[in-house]
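To start, the structure itself, in structure tokens.
The values are calculated or read from the model by the stated rules, or taken from the named source; none is laboratory data. No experiment lies behind these values; they were computed from the predicted model shown. Heads up, the Cβs are rebuilt from the backbone with ideal geometry, glycines too, and the neighbour counts pull from every protein chain shown. Areas reflect the complete protein model, heavy atoms only, side chains present, ligands, DNA and RNA absent. Shrake-Rupley method; radii C 1.70, N 1.55, O 1.52, S 1.80 Å.
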Amino acid sequence: MNARLVRQLVNFYPQEWRTRYGEEFQSFLETHPANLQTVLNIIGGAMHERVLSLRRFKMDRRQNSLTLMLYASLGALAAGINFYWTVADTPLAATMHNYSALFTSWNLVRAGSLLALAAFATVGIPL
């Protein structure tokens, strides 16, 4: 890569990161060819580091755990919604209504999800 492009790419990173890694990263980039995938990868890494640098405050273990629980709950919620709408349009939905064991299992999963969401909201929101 040419030196001008390397400087521009390194400048996307936050100042603290550039102070620690900038010189080494710059010399690394100068030895590699420039292509669109590499440039986009570097910009994505810079955006990631910028987001991480926004967390100037330190969280204790409980706050970290609650944050991870939130991300896991949101991921599970998204997966559940996707699963629900995927199954609703298949023959499995009609089969579940015909067989009480499947229908009961489906309702238990649904109730457990709602209970987990309610528990998280009860504990997580006040904190």
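If you go through the stretch 75-89, how many residues are open to solvent by 80 Å² or more (accessible area, probe 1.4 Å), assigned to a helix (DSSP H, G or I) and farther than 16 Å from L108 by Cα?
Matching residues across the stretch 75-89 total 2.
So which residues in the stretch 27-40 are assigned to a helix (DSSP H, G or I), more than 21 Å from V51 (Cα to Cα), open to solvent by less than 70 Å² (accessible area, probe 1.4 Å) and in contact (Cβ under 8 Å) with a residue 12 or more places away in the chain, if there are any at all?
Scanning the stretch 27-40 gives a single hit, L29.
In this structure, does L52 turn out to be touching a residue at least 60 places away in the same chain (Cβ under 8 Å), closer than 30 Å to V123 by Cα, hydrophobic (A, V, I, L, M, F, W, C) and not in a loop (DSSP other than H, G, I, E, B)?
Considered against the rule, which asks whether it is touching a residue at least 60 places away in the same chain (Cβ under 8 Å), closer than 30 Å to V123 by Cα, hydrophobic (A, V, I, L, M, F, W, C) and not in a loop (DSSP other than H, G, I, E, B), L52 comes out as no.
If you go through the stretch 4-20, how many residues are open to solvent by 50 Å² or more (accessible area, probe 1.4 Å), in contact with a helix residue (DSSP H, G or I) (Cβ under 9 Å, 6 or more places away or on another chain), in a helix (DSSP H, G or I) and not basic (K, R)?
Residues in the stretch 4-20 being open to solvent by 50 Å² or more (accessible area, probe 1.4 Å), in contact with a helix residue (DSSP H, G or I) (Cβ under 9 Å, 6 or more places away or on another chain), in a helix (DSSP H, G or I) and not basic (K, R): 3 in total.
Can you tell me which residue is modelled with the lowest pLDDT among those in the stretch 98-108 that are surrounded by 12 or more Cβ atoms within 10 Å (Cβ to Cβ) and not polar (S, T, N, Q)?
If we filter the stretch 98-108 for residues that are surrounded by 12 or more Cβ atoms within 10 Å (Cβ to Cβ), which is where we start, we get 102-103, 105-106.
Imposing the further condition that a residue be not polar (S, T, N, Q) reduces the set to 102-103, 106.
Values: L102: 82, F103: 83, W106: 79.
Per the criteria, the residue is W106.
Output the residue which, of all residues in the stretch 4-16 that are out of contact with any Lys or Arg (no Cβ under 9 Å at 6 or more places or on another chain) and in contact (Cβ under 8 Å) with a residue 12 or more places away in the chain, is nearest to M47 (Cα to Cα). If you could, list the steps in order and put the result at the bottom.
Our first condition is that a residue be out of contact with any Lys or Arg (no Cβ under 9 Å at 6 or more places or on another chain); within the stretch 4-16, this holds for 4-9, 15-16.
Now drop any that are not in contact (Cβ under 8 Å) with a residue 12 or more places away in the chain, which leaves 5-7, 9, 16.
Details: L5: 17, V6: 16, R7: 16, L9: 11, E16: 14 Å.
Here the answer is L9.
In the stretch 76-127, what count of residues is obtained for those that are among the hydrophobic types (A, V, I, L, M, F, W, C) and under 21 Å from the mean Cα position of the chain (by Cα)?
Of the residues in the stretch 76-127, 11 are among the hydrophobic types (A, V, I, L, M, F, W, C) and under 21 Å from the mean Cα position of the chain (by Cα).
So is R62 exposed (fewer than 13 other Cβ atoms within 10 Å of the Cβ) and among the charged types (D, E, K, R) or not? Outline the logic, then answer.
Working: exposed (fewer than 13 other Cβ atoms within 10 Å of the Cβ): yes; among the charged types (D, E, K, R): yes.
It is true that R62 is exposed (fewer than 13 other Cβ atoms within 10 Å of the Cβ) and among the charged types (D, E, K, R).
Which residue out of T122, T95, T67 is among the polar types (S, T, N, Q), open to solvent by 90 Å² or more (accessible area, probe 1.4 Å) and part of a helix (DSSP H, G or I)?
Of T122, T95, T67, the one residue that is among the polar types (S, T, N, Q), open to solvent by 90 Å² or more (accessible area, probe 1.4 Å) and part of a helix (DSSP H, G or I) is T122.
Conditions: (1) of a type outside the set (S, T, N, Q); (2) farther than 30 Å from A111 by Cα; (3) open to solvent by 90 Å² or more (accessible area, probe 1.4 Å); (4) modelled with pLDDT under 80. E24 meets all but one. Number of the miss?
It is condition (4) that E24 fails.
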